[in-house]
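Asker: Have a look at the structure that comes next, please.
The values are calculated or read from the model by the stated rules, or taken from the named source; none is laboratory data. The shown structure was predicted, so the numbers you read here are calculated from the model rather than taken from an experiment. No Cβ is skipped: glycine too gets one built from the backbone with ideal geometry, and neighbour counts run over all protein chains shown. The area values use the complete protein model at the heavy-atom level, side chains included, leaving out ligands, DNA and RNA. Shrake-Rupley method; radii C 1.70, N 1.55, O 1.52, S 1.80 Å.
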Amino acid sequence: ALASDCLGATTPGYTESEKEIEGRVSTIVRKASGKVFFTTVSSNISRMQQVLNVAKSLGRKVCFIGRSIEKKAGIADKLGYLVCSPGLVVSSKQAQKLARQKIIYIISGSYGQPGSALHRLSLGEHEFLSIEAGDLVIFSSDPAPPGSKANVDYVVNRLIQLNAEVHYYDMQENLHVSGHGSQGDIQMLFGLVNPRYF
């Protein structure tokens, strides 16, 4: 018997590999002259790993900001799912002492949730972080969950008003891939498993 995810069953073809994201993020961050804020779903550990890889290759440090991101990154690190060289990840206090072009913040609030770290940052209400002109914000998540698009749009607008460079879903840069298999993936799974029951 096969019990399968089917949320991508109406999408033709194959879901793009997560591996494609890292190169795109690297291209964008490479051009950044200020702080970089990267936001994704807090459970997307592989996306966090990609940002760690990009930071290392570009000589930046990484700081996790926001309860959900910090908690899940901590668990993933303890279980060995996040791999990074010593000294790559720094505390918020250490990050504040670094030059603007030497830090990437992985920050919670990719769906624009009111009260999240990114939401407070966009309002100028974060305890110790601020957006300066020329800082870069990358959204790497799908704004599809019901009710989230208006919140994301609000945060994006606020960030743009603060003269940040914002990369988000409307720019069609493919900074997010679905975690759900498309029709081709599901057909491949059926071919491999050949289940009697579904």
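Asker: Could you look through segment 127-157, keep only residues that are in a loop (DSSP other than H, G, I, E, B) and open to solvent by less than 20 Å² (accessible area, probe 1.4 Å), and pick out the one that is farthest from G8 (Cα to Cα)?
Answerer: L129
Asker: How many of the residues making up segment 117-126 are open to solvent by 10 Å² or more (accessible area, probe 1.4 Å) and in contact with a helix residue (DSSP H, G or I) (Cβ under 8 Å, 6 or more places away or on another chain)?
Answerer: Result for segment 117-126: 3.
Asker: Just need a number here: residues in segment 158-198 that are in contact (Cβ under 8 Å) with a residue 12 or more places away in the chain, surrounded by fewer than 16 Cβ atoms within 10 Å (Cβ to Cβ) and β-branched (V, I, T).
Answerer: 1
Asker: Provide a single number: the residues in segment 62-73 that are assigned to a helix (DSSP H, G or I) and open to solvent by less than 30 Å² (accessible area, probe 1.4 Å).
Answerer: 2
Asker: Another question, then. Which condition from (1) within 16 Å of H176 (Cβ to Cβ); (2) open to solvent by less than 60 Å² (accessible area, probe 1.4 Å); (3) polar (S, T, N, Q); (4) not in a loop (DSSP other than H, G, I, E, B) is the one that T27 breaks?
Answerer: All conditions are met except number (2).
Asker: Which of the residues belonging to segment 50-61 are open to solvent by less than 10 Å² (accessible area, probe 1.4 Å) and within 13 Å of the chain's Cα centre (by Cα)?
Answerer: Within segment 50-61, V51, L52, V54 meet the criteria.
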